[in-house]
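> I have a structure here, written as structure tokens, and I will follow up with some questions on it.
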Amino acid sequence: MRVLWIGFGQAGGKITNALLGMNRRVYSGIAINTEEADLSGLGNIREKILIGKYALRGRGVGSDIDLGASIAEKSLAQMMDSIDAMVRKRDPEVIWISAGLGGGTGAGGSFVLANELKKVYKHIPVYGIGVMPSVTGMPNDKEALNLSNTVKSFELWSHYFNNILLVDNGQYEQPNVTRESVEGMFQRVNENLAQTLTTVLSAGEMRPPPQEVFSSSEVKATMGLIGDVSTIGHCSEEIRIKSQFWRGGMEPGTRELESIIERSVDKNNLTFPTDVSGARSASLIVHGRPEHLYTQAIALGRTRLEELTTVGKVRYGDYPDRRTKYLSAITIVSGINDFTRLDQMKKRVQELNGSAPSNSHITTDSVVVGPSTV
Ligand SMILES: Nc1nc2c(ncn2[C@@H]2O[C@H](COP(=O)(O)OP(=O)(O)OP(=O)(O)O)[C@@H](O)[C@H]2O)c(=O)[nH]1
Ligand SMILES: [Mg+2]
């Protein structure tokens, strides 16, 4: 699928950089930031836009969402010039903006840009990837700022995107690993996400073609246009390879595949933890060696996903790959309606600010900024 990825702010830029590292043939990418230094490290992205250069001297907005939004508003012409040239050259089927919801530049700028893109390119859906922060080990004031930004920007985003894919860094924490740096963890999240998304977005383009082709139109149908929120589940197991019997791994049969498909929507396997029941749509991609893509197991796995998500018909595509050492299932669940994780964040912010819910200044009800008011 031809995607124009726009990375807004630091997290967004690095995620876009990881994505472009996966598939340069069909992906194109642009990085936007208020911080000059953060643009320089993105080796896979040629098109980089520094906004707010005069106001901020290339030093960022320091987690201020409103400032991020106002800088973006003033920089629309500058951003749209580059984007327009890219759209003409690459003819993307969707535009996908990624950013950290807990910061200022990407959180505040993305929805302003999304609003403009939707006005200008009426036939191209605009999706978001919103990264939620992991706050383990953060000092209280920083935690409060990250979480309140997340709650506030998610609320703002929800009015402007055709779909928002949520990615919670907290889902990637490894409690037993103590030596991983924050930077190392970010990198792991970014690579993981880029790999998963690329599997989904390129499944339909495999040659020779799969038995069931998961095309661009299926991706778009799953994501929809009405501002749904989505999460992606991923479950993968290493298989035993006969020529490398000493490596272990499992001998995948139909039961194993069915279980992998079912476990792909376990809460801890989702990019954003949610109760998937009551979702609006879902799609399953099974990636594995052709001889392991058992039709019967896939049919049963799909039925199980339909029960779990309560989606009438789960879309499906396969990704045969003779060289893979894994058997994996990836499930996009869209139109989710369990936002307990966000409610927990709101409560935590109130706790940290020591204020009652009614007079807390960070509740989303009090948010008045929007593209027309900034
Ligand atoms: N998954 C992932 N998360 C990141 C990465 N970098 C930062 N984050 C998270 O995203 C949040 C937002 O941070 P940034 O992207 O740095 O913010 P920004 O958009 O550059 O905004 P300002 O720096 O405040 O102007 C951080 O609190 C982290 O939780 C990354 O590379 N990957
Ligand atoms: Mg930054």
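> Under 4 °C and 1.567 mPa s, how fast does the stretch 230-334 diffuse according to Stokes-Einstein, given a Kirkwood radius computed over C-alpha pairs? Answer in µm²/s, whole number. Walk me through the numbers on the way to the answer.
Numbers: Rh = 13.7 Å.
Roughly 94 µm²/s, to the nearest whole number.
> May I ask you to derive the FRET efficiency for Asn176 and Asp81 from their Cβ-Cβ distance with R0 = 51 Å, giving the value to the nearest 0.05? Mind dumping the intermediate values first?
On the way: r = 48 Å, r/R0 = 0.95.
The pair Asn176/Asp81 has a calculated efficiency of 0.60.
> Still on this structure: In degrees between 0 and 90, to the nearest 10, how far off the longest principal axis of the chain does helix 105-120 point, with axes built from Cα atoms?
80 degrees
> Return the Cα extents of the stretch 1-73 along principal axes one, two and three, sorted largest first, each rounded to a whole Å.
Sorted largest first, the three principal extents are 37, 20, 17 Å.
> Could you tell me which of the pairs Lys122/Lys220; Lys14/Lys122; Lys48/Lys89; Lys152/Lys267; Lys118/Lys220 are separated by over 21 angstrom between their Cα atoms in the structure shown?
Lys14/Lys122; Lys152/Lys267
> To one decimal place, what orientation-averaged projected area in nm² is obtained for the convex hull of the Cα set of the chain? Provide the component values of the computation, followed by the final result.
On the way: hull surface 76.5 nm².
In nm², the orientation-averaged hull projection of the chain is 19.1.
> How long is the stretch 1-160 along each principal axis, judged by its Cα atoms, biggest number first, in Å?
Taking max minus min along each principal axis of the Cα atoms, the stretch 1-160 gives 46, 30, 30 Å.
> Let me ask you something else. Using only Cα atoms, find the angle between the long axis of helix 254-263 and the longest principal axis of the chain, and express it within 0 to 90 degrees, rounded to the nearest 10.
10 degrees
> Moving on to the next point. Name the most mobile residue of Gly41, Gly224, Gly233, meaning the one with the largest mean-square fluctuation, in a Gaussian network model of the chain with Cα contacts below 10 Å.
So, out of Gly41, Gly224, Gly233, the one fluctuating most is Gly41.
> Can you give me the angle between helix 182-202 and the longest principal axis of the chain, using Cα atoms only, in degrees from 0 to 90, rounded to the nearest 10?
Tilt relative to the chain: about 60 degrees.
> Here is a follow-up. Out of all DSSP beta bridges in the stretch 230-334, what portion is antiparallel? Express it as a percent rounded to 5.
Values: 17 of 24 bridges.
Restricted to the stretch 230-334, the bridges split so that about 70 percent are antiparallel.
> Report the Cα centroid-to-centroid distance between the stretch 137-183 and the stretch 39-79 in angstrom, as an integer.
21 Å
> Let me ask another. Short version: what are the Cα gyration tensor semi-axes of the stretch 130-240, square root of 5 times each eigenvalue, largest first, in whole Å?
Working: eigenvalues 183, 100, 15 Å².
Largest first, the stretch 130-240 gives 30, 22, 9 Å.
> Mean-square fluctuation check for the chain, GNM, Cα pairs under 10 Å: which of Gly335, Gly317, Gly62 is largest?
Gly62
No value in this document is a laboratory result; all are computed from the given coordinates. This one's a predicted model, so the numbers in the text were calculated from it and none came from an experiment. Using ideal geometry, Cβ is built from the backbone for each residue, glycine included, and neighbour counts are taken over all protein chains shown.
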